[in-house]
Amino acid sequence: MTDVRMMLDDPELTRRSPGEEFALAHARHGPDASVELRASISDLFPPAKRRPRLTVRHLLRKAVVDADEVTVFTERAENAAPDDAAPEWKFEVGARTVGTQTIRAAVPVPPEILADPAALAAFVDYRLLVRLGTAENDVLLNGTGPIQGLLRSPGLRRRPDAPDGSAARALLATAALCEWYGGSADGIVMHPDDWWPLVEDGAFLERLAVQGVKVSRTRMVPPGTALVGDFTAAATLLDRRSSTILLEGGTLVAEIREGLAVHLPGHFVLTSLPGPR
């Protein structure tokens with residue numbers, strides 16, 4: 001008797017990529033193709049495996065949730081005085097309800113690609129997913145809907161302009177500010193225009209890595225600025241572990257559902273970076 005193996009649906013993506021799963025759905029259902037996946041597909045951009053590039057989600061602590069709204073703790077520093085040795089003793093502790101939402105990205109797909117399952121799978125994995133990652137970075141930083149965004153969180157601290165010195169010195173001084181509120185800086189978000197010049201002094205980025213500081217570069221922050229923070233303690237990505245890929249006319253659409261809880265906004269500091277000297 002011939003051994004027959006059936007390729008069943010793989011919504012948790014244990015064997016197939018998001019693109020392969022959608023290409024299978026398209027082969028079955030044509031223009032009505034849609035797949036619901038029990039995975040966060042913005043984590044699965046294939047090139048990231050050979051040239052790691054951290055997104056904002058990679059800096060954040062994650063919690064898997066199954067509700068549209070989640071109650072989270074908060075600590076605000078309004079009662080702290082500038083000369084307090086340990087301002088966190090006076091933090092105002094509270095709770096708030098945070099909503100989750102759908103983040104969406106779309107890209108037109110040529111008919112010739114739709115007609116070729118292998119090409120369609122690659123198009124989803126290499127083009128649609130990268131657009132979803134960009135959209136996710138934008139929402140997590142700048143906000144839309146229930147997600148307020150890290151850069152717009154009430155209580156975010158700002159470091160005065162630092163025209164003198166180097167960008168590296170500005171980043172280190174900003175990391176020290178995180179510790180004034182009891183945090184330990186473990187993440188930096190900055191524009192590629194500011195990140196690449198730091199490669200010239202490769203030892204600096206290596207020293208950051210040794211200290212456990214991860215750096216995400218994205219165009220979703222303005223050039224000449226950087227967000228430095230204790231990402232692990234200060235915020236949580238509320239991950240629904242639910243994604244959708246579908247076809248709308250001649251456009252491929254990817255959706256991911258998540259929320260953002262900012263517990264300690266004072267553990268994030270936005271700084272200006274000096275320009276090239």
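None of the figures in this text is laboratory data; all of them are computed from the coordinates on show. This structure is a prediction, so every number in the text was calculated from the model and none was measured. Cβ atoms come from the backbone with ideal geometry, glycine included; neighbour counts cover every protein chain shown.
Values computed for the structure shown
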item	result
Ascending count of other beta-carbon atoms within 10 Å, so fewest first, for S216, S34, S272	S34, S272, S216
Cα-centred dipole magnitude for the chain, charges only on beta-carbon of K, R (+1) and D, E (-1), debye, nearest 20	360
Share antiparallel - DSSP beta bridges, the chain, percent rounded to 5	80
Order of L208, L260 - criterion: other Cβ atoms within 10 Å of each residue's Cβ, fewest first	L208, L260
Fluctuation leader among P222, P265, P18 - the chain, Gaussian network, Cα springs under 10 angstrom	P222
Local electrostatic count, P110, Cβ distance below 14 Å [Lys/Arg +1, Asp/Glu -1]	-1
Ranked list, fewest to most other Cβ atoms within 10 Å of each Cβ, for M190, M220	M220, M190
Value of relative contact order over the range 116-183, rounded to a whole percent, pairs C-alpha under 8 Å and six or more apart	13
For G149, net neighbour charge (Lys/Arg +1, Asp/Glu -1) across residues whose Cβ lies under 14 Å away	-1
Contact order normalised by residue count of the range 18-272, Cα under 8 Å, 6+ apart, percent	32
For the chain, diffusion coefficient by Stokes-Einstein and Kirkwood Rh (Cα), 4 °C, 1.567 mPa s, µm²/s	63
Environment charge of L270, counting only residues whose C-beta is closer than 10 Å and scoring Lys/Arg +1, Asp/Glu -1	+3
HN-Hα J in Hz across the range 189-198 - Karplus 6.51, -1.76, 1.60, θ = phi - 60°, x for Gly and Pro	10, 8, 6, x, 4, 9, 6, 4, x, 5
Most positive-pole-ward Cα, H58, P18, G202, against dipole of the range 18-272 from beta carbon charges	G202
Over the chain: helical MRE at 222 nm, DSSP H runs n ≥ 4 each giving -39500 (n - 2.57), nearest 500	-7500 deg cm²/dmol
